[in-house]
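**Q** Please read through the structure below; I'll follow up with questions.
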Amino acid sequence: MRRAASLKAFVIGLFIGVVLLTLAWTRVSPWTSYPTGMVAGAVLEHAAPGWVREARLAPGRLEVDTSVAIATPQTGNQPVEITLESDPGRYAYGLPIFLALLLAARGPGRTVRALAGYALLVPLQAFSLCMQLLMQLLLTAQFDVRTLRVAQWQMEALVYGYQLGSLVVPTLAPIVIWLWLDRAFVNEVVIGAWRRSLAARGTAPESATVPVSAAPEAPAGPAIGGAQEVPAGASAARTGAHGGDVPPDAATLAEEGAAPAAGLAPYPPQAPSAGGIPVSTSASAGLPPRRPRR
């Protein structure tokens, strides 16, 4: 019961924590994402020296001067170098998600794990920021391979990297890091509750089964033609009571009707007779025989 209550408290605390910490993060994002901008600027200057000249960082703003020049009608058809600009906190919203998960777990050593998770999130957020800036460069150059001076496969790799960095990494990274840093809570509460739910589903059909009582068996006796054989004593008593061809009276019929209720086999129905000769009840029995057609 304690673990189930802990899981319920974890879910409620996580929902409240994500809302409150996200609101607080929007106020301090220019400073908490400053290391992300530093790492992204350094990576762009060293990894793409043919494109990037210089990266300038300010709280909440990262500017990148490139050597890629394009000519547009706005510039009078004169080649002008492209300047990129972005917010370092654009893909850093995974930090409040990670902190909400950590605080909702309520485990010891949360401060150390929070600092470790923040340090692990910085390079992943820098990757997303670099992909966003490079994608902005591709769009500005209109995916012109000659202007960008790259191969076609390199440009396609940048497009796939942008999709990964903008859609998957910002949301999935904080969850994976929390699962790794808080493994004890995950194994005890989350996985434990999941295993108990599977066990409950497996035992539910067995507990819902109601045993069906066996129906009382009919008295054993040899059967002839699908009907049970009447004992010889009962047949003689019935013959004596009926008096041969005399029809049975009401008492005899009542006695025979009570026989099935007492557990005895019912008497088979007797064919009508006249003077001891069986009489057919079929309608065709009273018609004359048909003559054969010539």
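**Q** Under the condition of being of a type in the set (Gly, Ala, Ser) and within 23 Å of VAL28 (Cα to Cα), which residue from the stretch 48-77 is nearest to the chain's Cα centre (by Cα)?
**A** GLY60
Each row is one residue, and each column tells you yes or no for (1) closer than 20 Å to LEU115 by Cβ; (2) crowded, with 16+ Cβ neighbours inside 10 Å; (3) among the small types (Gly, Ala, Ser); (4) out of contact with any helix residue (DSSP H, G or I) (no Cβ under 8 Å at 6 or more places or on another chain).
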position	(1), (2), (3), (4)
GLY13	no, yes, yes, no
VAL28	yes, no, no, yes
SER33	yes, yes, yes, no
GLY37	yes, yes, yes, no
GLY41	no, yes, yes, yes
LEU44	no, yes, no, no
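**Q** Would you confirm, using the coordinates I've provided, whether PRO88 is in contact with a strand residue (DSSP E or B) (Cβ under 8 Å, 6 or more places away or on another chain) and under 17 Å from TRP25 (Cβ atoms)?
**A** yes
**Q** Could you list, ordered by first residue, the pairs with Cβ atoms under 8 Å in which the first is in the stretch 145-167 and within 29 Å of GLY89 (Cβ to Cβ) and the second is surrounded by 11 or more Cβ atoms within 10 Å (Cβ to Cβ) and among the small types (Gly, Ala, Ser), at least 6 apart or interchain?
**A** Filtered contacts from the stretch 145-167: LEU148/ALA141; GLY165/SER128; SER166/SER128.
**Q** Which residues, taken from the stretch 139-160, are more than 12 Å from ALA48 (Cβ to Cβ), modelled with pLDDT of 90 or more and in a helix (DSSP H, G or I)?
**A** LEU139, THR140, GLN152, TRP153, MET155, GLU156, ALA157, VAL159, TYR160
**Q** Out of GLY50, GLY60, GLY17, I need the residue that is on the phi > 0 side of the Ramachandran plot and open to solvent by less than 50 Å² (accessible area, probe 1.4 Å). Which one?
**A** From the options GLY50, GLY60, GLY17, the qualifying one is GLY60.
**Q** Out of all the residues in the stretch 122-137, which are within 31 Å of the chain's Cα centre (by Cα) and either crowded, with 23+ Cβ neighbours inside 10 Å or closer than 20 Å to GLU188 by Cβ (or both)?
**A** Once the filter is applied, which keeps residues that are within 31 Å of the chain's Cα centre (by Cα) and either crowded, with 23+ Cβ neighbours inside 10 Å or closer than 20 Å to GLU188 by Cβ (or both), the stretch 122-137 yields GLN125, SER128.
**Q** Got a sec? Which of ALA114, ALA119, ALA173 is open to solvent by 50 Å² or more (accessible area, probe 1.4 Å) and either in contact with a His (Cβ under 8 Å, 6 or more places away or on another chain) or at negative phi (or both)?
**A** Just one listed residue meets the conditions, ALA119.
**Q** Among the residues in the stretch 96-109, are any under 16 Å from ILE177 (Cα atoms), free of Cβ contacts under 8 Å to residues at least 60 places away in the same chain and not acidic (Asp, Glu)?
**A** Yes, there is a match, as at least one residue in the stretch 96-109 is under 16 Å from ILE177 (Cα atoms), free of Cβ contacts under 8 Å to residues at least 60 places away in the same chain and not acidic (Asp, Glu).
The values are calculated or read from the model by the stated rules, or taken from the named source; none is laboratory data. Every value quoted in this text rests on a predicted model; they were computed, and no experiment measured them. A quick note on method: Cβ atoms are made from the backbone with ideal geometry, for glycine too, and the neighbour counts reach across all protein chains shown. Remember, those area values only see protein heavy atoms, side chains included, never the ligands or the DNA or RNA. Shrake-Rupley method; radii C 1.70, N 1.55, O 1.52, S 1.80 Å.
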